[in-house]
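Read the figures in this text as sums done on the coordinates, not as results from a lab. Note that this is a predicted model, so its numbers are computed, not measured. Neighbour counts run over all protein chains shown; Cβ positions are idealised from the backbone, glycine included.
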Amino acid sequence: MSMQVKKLHPAIKHGAYSATALLPGEDQAAFRELHQKVISELAPVGALEDDIVGTIARLLWRKENLATLRIAELAREHDARIRARKFPSQFEQSLYLEFPPAQREAAMQAAEEQAREELGEKYELVEVGEAATVARLLQDFGVEERLDAMIDKGLKRLLFLRGVKSLSTAPSSAPPQPAAATPRIPGPKRVA
């Protein structure tokens, strides 16, 4: 039995797509241009600032390209309708399972080919599945928010420690002066 190997985008194979990242069909050059504009405007210095600017660029990109998630939703719905026409209803599932595996595979292959033909490049959005949904976008934001909070906590601890260290090692700005003799408080005068 020959098995057709699907040629998938490497990010799909490894589950690397995130709803906050570039999705199939989106313009990589346009994203790089946006990222460069944000870098120019905010002029980050160091790894932490680079990360913050990268996050801002991704969020601006997703905000400007929310339509991709809607297109992905419509593509998945279209794919589901095609598959529903090719596959039997729930009632007929038991009969379908009685078909030889080769016949079932042929039906699945026919549905996929039809969906690919009708959807064109948008079929890649079907392949990434859950990654191209608003629910996944919100889930990704939640994870990023928690990670950012943990990074912020680490930064606060580092800055606090640096502040404490600077207090103990800070040289006085005035040169040290010898201790002045403590003046005596005159007591009552004795009368002779």
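Some notes on this structure:
- Footprinting exposure proxy for 79, 148 (fewest neighbouring C-beta atoms within 10 Å first): 148, 79
- Net charge over other residues, Cβ less than 11 angstrom from the Cβ of residue 144 (K, R count +1; D, E count -1): -2
- Peptides 72-78, 103-109, 155-161 ordered by average Cβ neighbours within 10 Å, highest first: 72-78, 103-109, 155-161
- Counting charges near residue 71 (Lys, Arg +1; Asp, Glu -1) among other residues having Cβ under 13 Å from its Cβ returns a value of -3.
- For residue 159, neighbours were defined as the other residues whose beta-carbon sits under 13 Å from its Cβ, and their charges (Lys and Arg +1, Asp and Glu -1) total +4.
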